[in-house]
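Below is one structure, written out as structure tokens; comments come after it.
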Amino acid sequence: MLLLASFISQTPLGHEESVDKVLLRVRFKVHIINGMPDNAKPLEITCHSNDDDLEHHALWKDQEFKFKFITHFWRKTHFVCNFSWGPKSLNDITVFVSRDETRSCKQSGNCFWQATPQGIYFSSDFRNCGLRFTW
Ligand SMILES: *[C@@H]1O[C@H](CO)[C@@H](O)[C@H](O)[C@H]1NC(C)=O
């Protein structure tokens with residue numbers, strides 16, 4: 001597990017955002033999970049953000065790669081990954097970007113991306129999963 005931190009600074013909240021003040025979350029954790037039914041081949045991932053290279057990881061069945069960070073306040077936080085599984089691959093998949101995932105993962109502070117033979121599912125609670133990308 002890799003620990004990442006970036007400094008944030010407070011900027012005045014806009015009118016719309018002040019409504020959400022209580023739930024203004026800045027700490028998030030992204031989980032990438034090998035949800036394949038067997039161990040014939042690993043799920044290979046390579047991720048990076050504007051600032052950080054999270055390197056290459058091979059995940060076997062049920063293994064997870066996770067990283068946490070604090071979102072930037074004045075500029076976009078954006079994490080992108082390449083996924084490959086045998087001959088199949090998906091490149092430049094956004095696993096976290098300010099505005100989208102800061103909203104969708106706000107409640108739990110967690111974003112789960114689970115790779116399956118069909119593609120990659122997203123969930124913020126690991127119960128209600130939706131297929132986001134197909135191989
Ligand atoms: C993903 O793959 C593309 C094409 O090979 C490459 O240009 C890009 O840098 C890769 N991205 C990551 C996050 O490794």
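Just so it is clear, none of the values below were taken in a lab; they were calculated from the coordinates. None of the values given here were measured: they were computed from a predicted structure. Note that each Cβ is placed from the backbone with ideal geometry, even for glycine, and that neighbours are counted across all protein chains shown.
Highest mean first, the peptides 67-75, 125-133, 30-38 sorted by other C-beta atoms within 10 Å per residue fall in the order 30-38, 67-75, 125-133. Summarising the label geometry, the points placed 7 Å from Cα in the beta-carbon direction at Thr46 and Asn91 lie 1.0 nm from one another. Per q in 0.13 Å⁻¹, report the Debye log10 I(q)/I(0) for the range 56-135, using one uniform scatterer on each alpha carbon and no solvent. For the range 56-135, the Cα-only Debye profile gives -0.42. Residue-wise HN-Hα couplings along the range 44-51, as the Karplus relation 6.51 cos²θ - 1.76 cosθ + 1.60 with θ = phi - 60° gives them from phi, are 10, 10, 9, 10, 8, 10, 4, 9 Hz; Gly and Pro carry x.
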